[in-house]
Structure formats: structure tokens, C-alpha cells
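K.L.:
After the C-alpha cells below, expect a handful of questions from me.
Every number here is computed from the coordinates shown, using simple stated rules; none is lab data. Bear in mind that the values here come from a model prediction, so they are computed numbers and not experimental data. Cβ: placed from backbone, ideal geometry, glycine included. Neighbour counts: every protein chain shown.
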Amino acid sequence: MKVIKLNSVGCVINQKGIIYPELKKGGFDKKSGFHVNEINNNEFFEKCNKKDLQIIEKYYRSKNGTYKNL
């Protein structure tokens with residue numbers, strides 16, 4: 001599975017927009033994935049740096065089908 005690191009939040013995101021937490025020993029937790037649209041608070045987004053937000057924005061869609069203004 002191809003993933004992109006989100007360094008500012010210690011996670012990775014795959015091509016389907018599923019975010020997985022990185023493990024301290026390397027790799028990521030494949031059992032703890034969730035779609036970026038399932039994030040219910042802004043705390044996660046506030047911790048992201050600009051580069052990571054640009055990556056996430058490709059996968060995050062609001063209910064009306066447009067990209068959410070993060």
C-alpha cells in the first residue's frame with residue numbers, strides 16, 4: 001500500500017484518504033485507519049503544517065462534494 005507521510009501529526013495517508021497513525025518503531029498501524037472525512041474536530045487540522053494540509057485537502061470533501069476550506 002502506497003502512503004504519504006504527514007510528519008506534523010505523526011500519521012500517513014493512503015490514496016483513498018485513509019489516515020493511519022505511525023508506529024514509534026516504524027511503519028503504521030493498519031488496523032487503526034480512518035477516513036479523513038471522519039475527523040470531527042479541528043484539533044487535528046490545527047496541528048497540521050501547511051504541506052500536510054495541502055496533501056489532506058486532496059482527500060477531504062465536504063458534504064456538498066467540494067473541498068473543505070481547511
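K.L.:
Quick one: length gained pulling ASN37 to ARG61 fully straight, 0.36 nm per residue minus the C-alpha distance?
P.N.:
Contour length minus the Cα-Cα distance gives 8.0 nm.
K.L.:
Something else now. Using modelled amide H (1.01 Å from N, peptide plane; none on Pro or chain starts), what sits under 5 Å from the amide H of VAL12, excluding residues fewer than 5 places away?
P.N.:
The answer is LEU6, TYR20, GLU22.
K.L.:
To the nearest 500 deg cm²/dmol, what mean residue ellipticity at 222 nm is calculated for the chain from DSSP H runs of n ≥ 4 alone, each contributing -39,500 (n - 2.57), summed and divided by the residues?
P.N.:
The helix-only estimate for the chain comes to -4500 deg cm²/dmol at 222 nm.
K.L.:
Ranking request for peptides 10-17, 42-49: highest mean number of other beta-carbon atoms within 10 Å first, then the rest in descending order.
P.N.:
Highest to lowest by the protection proxy: 10-17, 42-49.
K.L.:
I've got another one for you. Place the peptides 34-40, 23-29, 53-59 in order of packing, highest mean first, counting for every residue the other Cβ atoms within 10 Å and averaging per peptide.
P.N.:
Peptide ranking by packing, descending: 53-59, 34-40, 23-29.
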